Amino acid sequence: MKKIILSSMLFSMVFTACVDEDNSYNEDHAALYSPSASVLLTNAQKELTDQMTTPSVNLNVFRYFSQYWAATQYTTESRYRVSTRKIPDNHWTNLYRNVLGNLESAKKVIAAESQPPGISAEDWQTKQKNKLAIIEIQEVYTYQVLVDTFGDVPYTDAIQPLTNVLPKYDDDATIYPKLITRLNAAMADLDTDGSSFDSGDYIYGGDVASWKKFGNSLKVKIGINLADVDASLAQSTVESAVADGVITSNDENAIFNYVSSAPNYNPIYENLIASGRNDFVPAKTIVDAMNGLSDPRRSKYFTLFSDGTYKGGKYGFTNPYSNFSHVSDNIKAADAPAALMEVTEINFYLAEAAERGYNVGNTAENFYNNGVKSSFESWGLSESDADAYLANVDVAYTTAPGSWKEKIGKQAWIAYFNRGFESWSTWRRLDAPTLTAPTNAYSEAEGQVPKRLTYPINEQTVNGENYQAASTAIGGDKLKNKVFWDVN
């Protein structure tokens, strides 16, 4: 994976205009409102990564849903009241407008680009197809996040601001097969012998082969979610992706590299350090589970408490900041990278696939072990550390307690500590580990850890007819109702 240094000025240059006292500043609007496809791509990637990474309770509560973090004083979101700060509205808007909107605009810019001198017509056509395919893969990723968050969402009518401002909602079960079809078409258009974006791709630097592995890995992710509702499509999707080549090492992870200066530092740093606030501590749920296994990753996830132990706060309740361990310094570093796809998650998906009888090239135990090892490696721990951990009878695949779902689910949950959304999705699919709602949870949670986010308030008031139809279709706009693939 290429490490790309992100300009700290880029995003403010794109959408911020400077006004001076000379009235002539008003004459060149096109320069500000006609960004290149590369700039639009950059903005989409950063908006997507920010939204999936931020711990801001106004934007992203998935670390709470996975019971990774606990509150120090403001417990509202950890008790599952999500509408008061318009959390669903912000998640929805960031993904639809700031990610998909930028990607759709980039497509239009690419379609209007003219062949420059010094490149053959054939190479130019290949380059443009590769660009569009890379954008398409990222759109599929974003739509999957939306479906997995809300269930039924606008899809067919989405992102058409000039023709349809009140989009209907599509059945979530019908969207997934369409995403697979789109992904297969995009993958077929990728030509690894050709080029793509010369600039603007802050994940893979325009490397087409890397995007192909990302696309296949996304197919695995989508396919495994279908396992309990469409076994045939799930199996064919996963197997075809593996045969074509998925991410197999941490060097191939889809990483967005933040920088140490504003406004492009990691949003975890923004919320935990730059804000000057101490709103979170690690939750007792995850800390105690890792303590029970003497997990070496504790030193990478948490700070030691003053008594030399790792100590987590009670989930759903107030926890004085000075009484507990804190999130580790490496996680809250300004330039800490953030991942959109990692080999660790692919290994755990494939362990699950192997248990389901799919032909994925190895055993569930092998992929499970590789998932643990790649997690250790990504946190800077040694192979010998991982081997010793896997020798623990409570970790080793053949001796760890529980069903295969419980074994894979627990280790995936531990490994995904900084990937709240992926953890929440895996927990919903495998129903492991056991997570229970706090005793003081708000009544809107109906005594359960949320299975989805409720729809945005703005949708209820502006797109009311389509919202009501979608709410009725899913059995009510409730936190406890499940997306279509969550059947257990």
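Once Rh for the range 85-222 is found with the Kirkwood sum over Cα pairs, what is the Stokes-Einstein diffusion coefficient at 25 °C and 0.890 mPa s, in µm²/s?
The estimated diffusion coefficient comes to 153 µm²/s.
Just want to confirm a number: the relative contact order over the range 70-165, from Cα pairs under 8 angstrom separated by 6+ residues, in percent. Before the final figure, lay out each step's value.
On the way: 29 pairs, mean separation 28.8, N = 96.
With pairs under 8 Å counted, the relative contact order is 30 percent.
Ignoring ligands, DNA and RNA, please state the percent of accessible area on the range 391-488 from carbon and sulfur, probe 1.4 Å.
Heavy-atom surface of the range 391-488 belonging to carbon and sulfur, 1.4 Å probe: 49 percent.
Determine, at each q value in 0.10, 0.18, 0.19 (inverse angstroms), the log₁₀ of I(q)/I(0) that the Debye formula gives when each Cα of the range 207-350 is one equal point scatterer.
Ignoring solvent entirely, the Cα scatterers give -0.51, -1.04, -1.07.
Could you size up the charge dipole of the range 311-399 around its Cα centre, putting +1 on the beta carbon of Lys and Arg and -1 on that of Asp and Glu, and report it in debye to the nearest 20?
Numbers: 5 positive and 12 negative charges, 84 e Å.
That gives a dipole near 400 debye.
Here are some values of log10 I(q)/I(0) by the Debye sum over Cα atoms at q = 0.06, 0.09, 0.12 Å⁻¹: [x] -0.44, -0.76, -1.08; [y] -0.27, -0.62, -1.14; [z] -0.37, -0.79, -1.25. Which one was computed from this structure?
Evaluating log10 I(q)/I(0) by the Debye sum over Cα atoms at q = 0.06, 0.09, 0.12 Å⁻¹ on these atoms matches [y].
Assign unit charges at the C-beta atoms only (+1 for Lys and Arg, -1 for Asp and Glu), then state the dipole size of the chain relative to its Cα centre in Debye, rounded to the nearest 20. Mind showing how you got there, number by number?
On the way: 42 positive and 59 negative charges, 280 e Å.
Rounded to the nearest 20 debye, it is 1340 debye.
Carbon and sulfur: what percent of the range 57-138's accessible surface (1.4 Å probe)?
After summing per-atom areas, the C and S share lands at 46 percent.
If you average the C-alpha positions of the range 32-95 and of the range 210-258 separately, how far apart do those two centres end up, in angstrom?
Spelled out, the Cα-based centre of one part sits 24 Å from the other.
Please compute the net charge surrounding ALA289, taking Lys and Arg as +1 and Asp and Glu as -1 over other residues with Cβ under 14 Å from its Cβ.
Net charge around ALA289: +2.
Report, in listed order, any pair from LYS221/LYS284; LYS405/LYS451; LYS108/LYS219 with a Cα-Cα distance greater than 23 Å.
Pairs exceeding 23 Å: LYS221/LYS284; LYS108/LYS219.
Let me check I've understood the local charge: for SER403, count other residues with C-beta under 12 angstrom from its C-beta, Lys and Arg +1, Asp and Glu -1. What total comes out?
On the way: positive: LYS405, LYS407, LYS410; negative: GLU352, GLU355, GLU406, ASP431.
So the environment of SER403 carries a net charge of -1.
Per the 1.4 Å probe, what fraction of the accessible area of the range 152-223, in percent, lies on carbon and sulfur atoms?
52
Of the options ILE346, VAL57, ASN250, report the single residue whose Cα projects farthest towards the positive end of the charge dipole of the chain (beta-carbon charges: Lys, Arg +1; Asp, Glu -1).
About the Cα centre, the residue reaching furthest to the positive side is VAL57.
So with the 1.4 Å probe, I'd like the accessible area per residue for the chain, rounded to whole Å².
Result: 40 Å² of accessible area for each residue.
So for the range 83-128, taking the charge dipole from beta-carbon charges (+1 Lys/Arg, -1 Asp/Glu), which of THR93, ALA112, TRP124 sits furthest toward the positive end?
Among THR93, ALA112, TRP124, the one farthest towards the positive end of the dipole of the range 83-128 is THR93.
Ranked from highest to lowest mean number of other Cβ atoms within 10 Å per residue, what is the order of the peptides 110-122, 474-486?
Details: 110-122: 9.7, 474-486: 18.2.
Ranking, from highest mean packing down: 474-486, 110-122.
Using Cα centres only, tell me the gap between the range 319-352 and the range 174-191 in whole Å.
Value for the Cα centre distance between the two parts: 30 Å.
Counting each DSSP H run of 4 or more residues in the chain as -39500 (n - 2.57), what helix-only mean residue ellipticity at 222 nm follows after dividing by all residues, to the nearest 500 deg cm²/dmol?
-13500 deg cm²/dmol
The values are calculated or read from the model by the stated rules, or taken from the named source; none is laboratory data. Source: prediction; values computed, not measured. Methodologically, a virtual Cβ is constructed for each residue, glycine included, from the backbone with ideal geometry; neighbour enumeration extends over all protein chains shown. All accessible areas refer to the heavy atoms of the entire protein, side chains included, with ligands and DNA or RNA removed. Shrake-Rupley method; radii C 1.70, N 1.55, O 1.52, S 1.80 Å.
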